[in-house]
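The values are calculated or read from the model by the stated rules, or taken from the named source; none is laboratory data. In this text, all values refer to a predicted model and were calculated from it rather than measured experimentally. All Cβ positions, glycine included, derive from the backbone under ideal geometry; neighbour counts span all protein chains shown. Protein only, heavy atoms only, side chains kept; ligands, DNA and RNA dropped before computing areas. Shrake-Rupley method; radii C 1.70, N 1.55, O 1.52, S 1.80 Å.
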Amino acid sequence: MNQEQLDSFLQHHTKAALPVSELLAKFLEQPANASQESSIQARIRRAGFPTEATLESYDWTRNPETIHREPFFELATGEFLRRKENVAFVGNSGLGKTHLMQGIARKCCALGYRVRYETSGSLIEVLNQARAVKRLTPKVRQYCLYELLIIDEFGFEKLERKEVPDALSLLYKVIDGRNRRSSTAIITNVSFDDWTEYLGDPPLTMALLDRVVDQTNLIPFAGESIRKLMKKGDK
């Protein structure tokens, strides 16, 4: 606290005629609160979120019949992380899955949890690069340290799978390493029933699916895409 902040603090609180002990306690709270906020912002930066999305900024009027607040705010308490449960948001594009997951994850950062956001494509790229320099095992171990790992756009990485034929195996290493040890959130527009056909390699896909749905909070998304609503608004 600098001199200007100290003068402002004293001017504000001495008017209240507080006992010295209470005034001292409030004074000592200032740097602690500042340090806590700094830590929260650092965790949010390290998480690598693609936007500033929050639960409060989500438009809950978009699909009120199919997307309700309660399950998302329940996840935002972080209790699922304490229980080491997974999360899966499954549904068509344009329904706010990424927005809502970021909002939940920001709340978890504020609670002190270590969070990391990746797309499946970016995760495959990082793992493949680590393998090229013989650092795959340490990199997998690093991803296993996050208390919440978000894997967005799962099933979108067709290009990466062409360039990295064993991309599914690389994703499996991370998800398997985290299974029942920490929480993984999957965001996908591919129904679980279609994973084997879509991803190929049925044995590996089934093993991956088994770990993804293990102790999972599954939230299906349905409704009208925000993109369609925006097009209607342009007419």
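Any idea which of 145, 123 is touching a Leu at 6+ places or on another chain (Cβ under 7 Å) and either closer than 22 Å to residue 43 by Cβ or surrounded by fewer than 19 Cβ atoms within 10 Å (Cβ to Cβ) (or both)? Don't jump to the end; show me each part of the working.
Values: 145 fails: touching a Leu at 6+ places or on another chain (Cβ under 7 Å).
Exactly one of 145, 123 is touching a Leu at 6+ places or on another chain (Cβ under 7 Å) and either closer than 22 Å to residue 43 by Cβ or surrounded by fewer than 19 Cβ atoms within 10 Å (Cβ to Cβ) (or both), namely 123.
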Here the residues within region 101-120 that are open to solvent by 40 Å² or more (accessible area, probe 1.4 Å) and among the charged types (D, E, K, R) are 107, 114, 116
Could you check how many residues of region 163-206 are within 22 Å of residue 91 (Cα to Cα) and part of a loop (DSSP other than H, G, I, E, B)? 4
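Going by what's in this entry, would residue 202 be described as more than 23 Å from residue 71 (Cα to Cα), touching a Ser or Thr at 6+ places or on another chain (Cβ under 6 Å) and either open to solvent by 10 Å² or more (accessible area, probe 1.4 Å) or at pLDDT 90 or above (or both)?
Details: more than 23 Å from residue 71 (Cα to Cα): yes; touching a Ser or Thr at 6+ places or on another chain (Cβ under 6 Å): yes; either open to solvent by 10 Å² or more (accessible area, probe 1.4 Å) or at pLDDT 90 or above (or both): yes.
So residue 202 fits the description; yes.
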